[in-house]
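The structure appears below as structure tokens.
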There are 2 protein chains.
Amino acid sequence: MEKKAGFIGLGVMGISMASRLIDAGYDLFVYNRTKSKANTLIERGAHWCGTPREVAENTHVVFTIVGFPSDVEEVYLGDNGLVEGASEKSIFVDMTTTKPSLEKKIEKALSSRKARFADAPVSGGDKGAREGTLSIMVGCDDDIFPVLLPYFSVMGKNITHLGPVGSGQHTKMANQIVIAGTMAGVSEALVYGARAGLDLVKMVSTISKGAAGCWTLDNLAPRVLRGDYAPGFMVDHFIKDMTIAVEEADAMGLSLPSLALTRELYKAVKAQGHGKDGTQVLVKALESLSGGEDF
Amino acid sequence: MEKKAGFIGLGVMGISMASRLIDAGYDLFVYNRTKSKANTLIERGAHWCGTPREVAENTHVVFTIVGFPSDVEEVYLGDNGLVEGASEKSIFVDMTTTKPSLEKKIEKALSSRKARFADAPVSGGDKGAREGTLSIMVGCDDDIFPVLLPYFSVMGKNITHLGPVGSGQHTKMANQIVIAGTMAGVSEALVYGARAGLDLVKMVSTISKGAAGCWTLDNLAPRVLRGDYAPGFMVDHFIKDMTIAVEEADAMGLSLPSLALTRELYKAVKAQGHGKDGTQVLVKALESLSGGEDF
């Protein structure tokens, strides 16, 4: 089997994932909107392609991880997009967190050229991308998953095939919906505890052991207590994801009141100038509602 | 040191906690509103007292774990209540989850008789009470904590002194505020995933490994997927706790929008007849908003 792959989208996540594929011996064909971001990969032997179409014409398995749904649409369905370069040997994998309904639309467009598609959003952040420990949530036909698994294994650790195209994105949305709840709960608990005069370090270590225990309390609450609002996961990206989840829920006729409220609170966080901070900065917007200055 | 103790409140939690004190060799003086619930303890040598006052007159260290704030008030401040039987040797410990402000009021009332007080709400449920693995969140003066620790060690495992009287309750409130968030997030994710047609077992096991990971996802989501709505923690009790948290936030001039929304959703759960079910039944009320029948 040829050790070739295409990679489109060389942001914080993509650059590390593409780099790992080179490390693993793949001959890489790359495209990015801003060419300069490809330089380190080109120095290591990656082939630059002028358009997504050109990537598709040079290799059969192509991974994409770009920004907003409009970027995904452009890369696949735009002029000189991937669909134009697709053949019956092609398999495309979108690893962007994006709309499940868009992934189905892309699958359909590709099927007109007998090309195949998978959606495979990830979680685990830039650290997971660098270390190859991403969780990868895969939606694709059963026969495609084993073909993609060797590539995924280079990029991640928990790799799950969840169902047909769209299932990966839907699972990622479920993931973000849970996180919306834990972020709201943990942030309000911190604001409450601060106002009540509690020793917050003791408070967090006490409640994290029981039924309130969660990743957010273990990993983000300590950052808040250190005044560290650097992004593990950026507010702007979280709002993007929650907006997709709300739109998908709208399309399914589904009311998700807590998600909607948390999204509104994060819009306030962004409005207060914290769009590029980490999601833990929610405490600041929450306390500002009641005029506190503890965080 | 005398191995004597008083115990008031022999509900699901109290009966197990009192029983463990007898096991550990304490001579127990007990009172409960419904006397029959004390029978098994009396058969094992516990002394029945006709009023809380009588308990206080017979022993110096008295534990209480009753129901609503009004019950706590009655037991301490009512006619023939604990305050009436208190002396300068008395230490009282309220383990009910109740208003922090009420605990301060009780502390003050007891101080007029030079008696001492601690608030020490627990988490860990009836299983933790039976097995002596409760988390105990203690608020009291520094000199009192070591005196109480031997008793607490019989009843629990994670025993933390968080600060002065009220700190235990405030920490428990913070705990319930986090849980309100995780319950909302996990329940909405389940409703979303079901509507999206995901395999929910795969979905839960996938997202529980990453940043969405939480006790609720590990412990309550699987119950929902089995259709098991039996109470680990009962909706009625959770509403009581969230109401206390909202009232305390009100008193502190603090806006906690997510907590308030989750409380409203649980009021709907109760209105739909699920007050005696476990808190995981929130999925049913949430899906009913949008007419689903997956749960």
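When the inverse distances between all different Cα atoms of the stretch B:101-234 are averaged and flipped, the Kirkwood radius reads 17.2 angstrom. Using θ = phi - 60° in the Karplus curve 6.51 cos²θ - 1.76 cosθ + 1.60, the 3J(HN,Hα) couplings for the stretch A:100-115 round to x, 5, 5, 5, 5, 5, 5, 3, 5, 4, 5, 5, 5, 10, 6, 8 Hz; x is entered for Gly and Pro. The helix-only estimate of mean residue ellipticity at 222 nm for the protein assembly as shown, built from DSSP H runs of length n ≥ 4 each weighted as -39500 (n - 2.57), is -15000 deg cm²/dmol after division by the residue total. Checking the cross-link pairs A:35/A:267; B:105/B:172; B:127/B:284 against a 20 Å limit on the alpha carbon distance flags A:35/A:267; B:127/B:284 as lying beyond it. Summary for residue A:101: label point 7 Å along Cα→Cβ; distances to the equivalent points in the other copies, ascending, 4.7 nm. All other residues whose Cβ lies under 10 angstrom from that of residue B:254 are scored, Lys and Arg at +1 and Asp and Glu at -1, for a net of -3.
Sorted from closest to farthest, the other copies place their residue A:264 label points 0.8 nm away, with each point set 7 Å from Cα along Cα→Cβ.
So if I take the alpha carbon set of the protein assembly as shown, get Rg, then get Rh from the Kirkwood formula, what is the Rg over Rh ratio?
1.08
Kirkwood radius, the stretch A:4-164, all distinct C-alpha pairs, inverse of mean reciprocal distance: 15.1 Å. Plainly put, the tip 7 Å out from Cα toward Cβ on residue A:219 is 2.1 nm from that tip on each other copy, the closest given first.
Centroid-to-centroid, using Cα positions, the stretch A:262-285 and the stretch B:22-100 are 48 Å apart. In nanometres, what is the gap between the two model label sites at residue B:230 and residue B:141, each 7 Å from Cα along Cα-to-Cβ? Going by the 7 Å Cα→Cβ label model, 4.6 nm. For residue A:63, the shell of other residues with beta-carbons less than 13 Å away shows a net charge of 0, using +1 for Lys and Arg and -1 for Asp and Glu.
Residue by residue, the stretch B:285-294 carries 3J(HN,Hα) couplings of 5, 5, 6, 5, 4, 10, x, x, 9, 7 Hz when phi is fed to the Karplus relation 6.51 cos²θ - 1.76 cosθ + 1.60 (θ = phi - 60°); x denotes Gly or Pro. Distance from the C-alpha centroid of the stretch B:123-155 to that of the stretch B:163-223: 25 Å, rounded to the whole angstrom. Every Cα-Cα pair in the stretch A:151-295 was counted, and those over 25 Å apart are 34% of them.
Taking the inverse of the mean reciprocal distance over all distinct Cα pairs, the Kirkwood hydrodynamic radius of the stretch B:222-272 comes to 12.1 Å. Listed values for the stretch B:5-19 are Karplus-derived 3J(HN,Hα) couplings in whole Hz (6.51 cos²θ - 1.76 cosθ + 1.60, θ = phi - 60°), namely 7, x, 9, 10, x, 10, x, 3, 6, x, 4, 6, 5, 5, 4, and x replaces Gly and Pro. Counting only DSSP beta bridges whose two residues both lie in the protein assembly as shown, roughly 15 percent are antiparallel. Taking label points 7 Å from Cα along the Cα-to-Cβ direction, residue B:127 and residue A:33 give a separation of 4.9 nm.
By the Cβ rule of 4.7 Å, the protein assembly as shown holds the following cysteines without a possible disulfide partner: A:49, A:140, B:49, B:140. The residues packed around residue B:294, meaning those with a beta-carbon under 14 Å from its beta-carbon, carry a net charge of -1 if Lys and Arg are +1 and Asp and Glu are -1. For residue A:87 and residue B:276, the FRET efficiency from 1/(1 + (r/R0)^6), where r spans their Cβ atoms and R0 equals 56 Å, is about 0.35.
As a ratio to 2.2 N^0.38 Å, the alpha-carbon radius of gyration for chain A is 1.07. Projection of the Cα convex hull of the stretch B:107-186, averaged over all directions and equal to a quarter of that hull's surface, yields 6.1 nm². Counting only other chain Cβ atoms within 10 Å of each residue's Cβ, the peptide A:155-168 averages 3. With r as the distance between the Cβ atoms of residue B:3 and residue B:255 and R0 = 45 Å, compute the FRET efficiency 1/(1 + (r/R0)^6) and round to 0.05. Between residue B:255 and residue B:3 the formula returns 0.40. For residue A:4, the amide hydrogen comes within under 5 Å of the amide hydrogens of A:27, counting only partners 5 or more places away or on other chains and with H modelled in the peptide plane.
Each value in this text was obtained by applying a stated rule to the coordinates, not by laboratory testing. If you're wondering where the values come from, they're calculated on a predicted model, not measured in any experiment. We place every Cβ from the backbone using ideal geometry, glycine too, and count neighbours over all the protein chains shown.
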